[in-house]
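The values are calculated or read from the model by the stated rules, or taken from the named source; none is laboratory data. Model, not experiment: these values are computed from the prediction. Neighbour counts run over all protein chains shown; Cβ positions are idealised from the backbone, glycine included. To get the accessible areas, we keep the full protein, side chains included, count just its heavy atoms, and leave off ligands, DNA and RNA. Shrake-Rupley method; radii C 1.70, N 1.55, O 1.52, S 1.80 Å.
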Amino acid sequence: MNKKALTQQIIFWTFRIMSIMVVIVLFAILYFITIRGAQAISWDFLTKSPEEGMVKGGIFPAIIGTLYLIVGSLIFAFPIGVFSGIYLNEYLKDGKLKSFIQLMTNNLAGVPSIVFGLFGMALFVNRLHFGDSILAGSLTLGLLVLPIIIRTTEESLKSVDDSYRLASYAMGATKLYTIKKVVLPLAFPNVITGIILSIGRVSGETAAILFTVAAYFLPKLPHSIFDQVMALPYHLYVLTTSGTNIEASRPVAYGTAFVLVFIVLVTNVIANLIRNYFNKKYKA
Amino acid sequence: MKKIFEKIQVGILAGSSLVTSLTVILIIIFLFSEGIGMFHESQLEEGYVLTVNEANPVTEIDATSIKNIFDQNITNWKQLGGKDEEINLFSIDDLSDFYSDEQVGSDLEYLDTCMNDYVKNHENTLAYFPRKNLPENFHGKEIQVGSISVYNFVKGKDWLPSASPVAQLGVLPLLLGTLWVSLGAILLALPFGLACAIYMAEIAHPSVRKILKPIIELLAGIPSVVYGFFGLIVIVPLIQKLFHLDVGETALAGSIVLGIMALPTIVSIAEDAIRNVPNTMREASLAMGASQWQTIHKVVLPYAKSGILAGIVLGIGRAVGETMAVLMVTGNAANIPHSYLQPVRTIPATIAAELGEASYGGLHFKALFALGCILFLFTMILNIYVQLVLKKKRVK
């Protein structure tokens, strides 16, 4: 083997090993949380309120709270995101306005979540007097995931071949009718992936809900959209840093982390499956 | 009729597309209107007054001097532009040195009168007490305490927002803390991120890439609290043991956790950039007899340089703005960092930790919004830079 080939072999193997190390890191995280977290999971854990200063009992109110936030934020972000994606891809021509809107959307995606929290507190909680509430938290989280939904919608519309649109026009259909009856149904499975990824993001987001909705401890479930709720990620934070007895509440913390990771894992797998299925079906 | 209906529907679509731009503008308005407010707010602790005898020529004292007076570094009125007299400090905290419990009453109900007498009878006194105890016909005058200047905010070395009697709001330790942790994170993530991106784009078999890509995506999807939790139970104890420290919550722990979190951003953008290099470039190089590594090193990477840089910059943005994980593993001591084995405190962590205790609309509250402005501006600039770079690449 000559020197050139040898150098290449050494370098490629270095890259390979470093990539493997990245994979190991991921599995280390999953391992630590799954092994000890799975032991904490039981029917009671998922359906009971925290007890004895959050050392025992379950995380039911936090699961329900996170569900409320997922639904609340998507009710708001889903239509606006999809409409926005449609307008950007189907109506706006390439130009200054389009690139401005895309620049702003990408900027919004890059805003740190704690800044969303500050903004949500200033606008929804204080200025609009929603108080710490599901409404304020959902709106804040909705704005946070809006760029994800817009981007996936735009991309899925782009992947629909123009021949479908032209065929529809040739039949005498209007542009809006074509979008509704031809383009959207074809693109819809891919639009769904954006929503699924948003669910993963919303259920894990902490900094944005700290000052807009999250409650330290609430034994009862919310009655209206102006109530506070507990949420899984904030609950995990509380359990690990400021609980009444941090050591004793470790098993509950592992369990909560496990549920969070489980949600992210499932949403990611589903999103990937849909994407693969969709790509095979229409791009073959 | 049908046409009008269609017009309305298209109008709704157009309106929706403006929501993100509107949000960015609203964020700027709300963040900055609160944040800039801190520079108009008195630095004296809320609900308290500083008073002097009416004969005293001094009317205004700046926050640093007040701190020095309370620390006994300034002891003469002459140093503040007044008469050559010693400062007789009367602080509510040392009330028992001046009056007995009977004199002020068990619920401090006679404090008003006591303060009135004391300030009236002692020409050299500087009295610090709650505003609610300010007598109605007061025989003294209130000292104005200046607000913090932008210069002192940026250069100040102490972040003690609830210090008494004047809040110390120096952002320098937080700024340096953020930069240290983020820089460390990028230095750790960069070699692995680049290796991973090059491996996935150029070396790995497509089937291997098909496995690696979702793994990297999953890494990006794990919530930051879970990273913080992992850091707290695995990395923090490890650092404590390895370096024989008293506490493992250090800048290094923050950098490692943030490094892992910044990895997916760097990998996915750098990989995209490398894959976007036209195949003709590679083929031309290989046809010249260059090895695959030489082609990557001399042709592909230089071509993809700006895209890779964009990934790194975006990774930095992600690290700088990250809140929960850093809050959980860095120890949160607001000191100017000297070593990676010390606790530090970052800007986002400060906001998350303190906003709950800051009273609404007060100086501390506004100062935290000012921190938010810094964070927002920083990430915004990085973002716009990245998009310009990526766009230019696409046009080419």
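How would A:Phe76, A:Phe100 line up by accessible area, probe 1.4 Å, largest first? It would help to have the intermediate numbers written out before the result.
Values: A:Phe76 50, A:Phe100 90 Å².
Accessible-area ranking of A:Phe76, A:Phe100, largest first: A:Phe100, A:Phe76.
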Problem - Unit Cα scatterers, Debye sum, the stretch A:171-214: log10 I(q)/I(0) for q = 0.21 Å⁻¹ - result: -0.72
Fill in the blank from the handout: One would report the antiparallel percent of DSSP beta bridges in the protein assembly as shown, rounded to the nearest 5, as 65
Practice task
Mind listing the long-range amide H neighbours of B:Asp158? Cut-off is under 5 Å, sequence gap 5 or more, other chains count too, H placed in the peptide plane at 1.01 Å from N.
Solution key: B:Gly170
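Using r as the Cβ-Cβ distance of A:Ala109 and B:Tyr151, and R0 as 45 Å, what FRET efficiency do you calculate, to the nearest 0.05?
Numbers: r = 34 Å, r/R0 = 0.75.
Once the sixth-power term is evaluated, E becomes 0.85.
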Practice task
May I have the extent of the alpha carbons of the protein assembly as shown along their three principal axes, as whole Å values ordered from largest to smallest?
Solution key: 94, 78, 55
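Mind checking A:8-19 for the average number of partner chain beta-carbons within 10 Å of each residue's beta-carbon? Kindly include the intermediate steps, with their values, before the conclusion.
Values: counts 8, 1, 1, 8, 8, 1, 3, 14, 6, 2, 8, 14.
Mean partner shielding for this stretch: 6.
Mind checking the stretch B:232-318 for chymotrypsin sites (Phe, Trp or Tyr not before Pro) that DSSP puts in a loop (not H, G, I, E or B) and that have at most 16 other Cβ atoms within 10 Å? Walk me through the numbers on the way to the answer.
Details: sites: B:Phe243, B:Trp293, B:Tyr303; in loops: B:Phe243.
Filter output for the stretch B:232-318: B:Phe243.
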Handout entry: Distant-in-sequence amide H partners of B:Leu50 (H built 1.01 Å from N, under 5 Å)
Key = B:Ile143
Completion exercise
For the stretch B:96-178, listing GluC sites (Glu not before Pro) in a DSSP loop whose Cβ sees at most 11 other Cβ atoms within 10 Å gives B:Glu109, B:Glu136
Problem - Listed residue pairs exceeding 27 Å between alpha carbons, taken from A:Lys3/B:Lys392; A:Lys93/B:Lys3; B:Lys78/B:Lys132; B:Lys132/B:Lys366; A:Lys96/A:Lys175; B:Lys78/B:Lys141 - result: A:Lys3/B:Lys392; B:Lys78/B:Lys132
Exercise for the section: Subtracting the Cα-Cα distance from 0.36 nm times the residue separation, let me have the gained length for A:Leu221 to A:Trp13 in nm, one decimal. Expected result: 69.4 nm
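Compute the FRET efficiency between A:Leu166 and B:Leu187 as 1/(1 + (r/R0)^6), taking r as their Cβ-Cβ distance and R0 = 41 Å, and round to the nearest 0.05.
Numbers: r = 52 Å, r/R0 = 1.28.
Approximately 0.20, to the nearest 0.05.
Over chain B, consider all pairs of different Cα atoms and compute the Kirkwood hydrodynamic radius from their mean reciprocal separation; express it in Å, one decimal.
Values: mean 1/r = 0.0391 Å⁻¹.
For chain B, inverting the mean 1/r across all distinct Cα pairs yields 25.6 Å.
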Exercise for the section: State the volume of the convex hull built on the alpha-carbon positions of the stretch A:1-68, expressed per residue in Å³ and rounded to an integer. Expected result: 125
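Using a 1.4 angstrom probe on the protein heavy atoms only, line up B:His40, A:His235 by accessible area, largest first.
Largest accessible area first, the residues go B:His40, A:His235.
So if the hydrodynamic radius of the stretch B:172-395 is defined as the Kirkwood radius over C-alpha pairs, what does Stokes-Einstein give as its diffusion coefficient at 20 °C and 1.002 mPa s, in µm² per second? It would help to have the intermediate numbers written out before the result.
Working: Rh = 18.9 Å.
The diffusion coefficient I find is 113 µm²/s.
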Fill in the blank from the handout: Note to self: Kirkwood Rh of the stretch B:48-146, Cα pairs, one decimal, Å, is 13.7
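What are the DSSP H helices in chain B that stretch 27 Å or more along their long axis, judged by alpha-carbon atoms, and whose average Kyte-Doolittle hydropathy comes to at least -1.0?
Answer set is B:172-198, B:251-275, B:301-321, B:363-395.
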Handout entry: Helix-only mean residue ellipticity at 222 nm for the protein assembly as shown, each DSSP H run of n ≥ 4 adding -39500 (n - 2.57), per residue, nearest 500
Key = -20500 deg cm²/dmol
Practice task
Any chance you could run the full-extension gain for A:Ile274 through A:Ile64? It's 0.36 nm times the residue separation minus the Cα-Cα distance, nm to one decimal.
Solution key: 73.0 nm
Fill in the blank from the handout: Out of A:Arg201, A:Arg250, A:Arg127, a Gaussian network model of chain A with alpha-carbon springs under 10 Å gives the largest mean-square fluctuation to A:Arg127
Completion exercise
Taking the square root of 5λ for each eigenvalue of the C-alpha gyration tensor of the stretch A:66-169, the equivalent ellipsoid has semi-axes, largest first and in whole angstrom, of 31, 15, 10
Problem - Where the Cα pairs of the stretch A:44-283 fall when distances are cut into 5 Å bins, in % - result: 1, 7, 13, 15, 16, 14, 11, 9, 6, 4, 3, 1, 1, 0
Completion exercise
Taking a crude spin-label model, label points 7 Å out from Cα along the C-beta direction, the A:Ala173 to A:Ile246 distance in nm is 6.0
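Peptide A:82-94: average number of partner chain Cβ atoms within 10 Å per residue? Write down the numbers at each step before the final one.
Numbers: counts 2, 9, 8, 3, 4, 9, 4, 1, 2, 4, 3, 0, 0.
Mean number of neighbouring Cβ atoms from other chains: 4.
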Completion exercise
log10 I(q)/I(0) for the stretch B:351-396, Debye formula on C-alpha points only (no solvent), q = 0.13, 0.24, 0.27, 0.28 Å⁻¹, two decimals, reads -0.46, -0.79, -0.89, -0.91
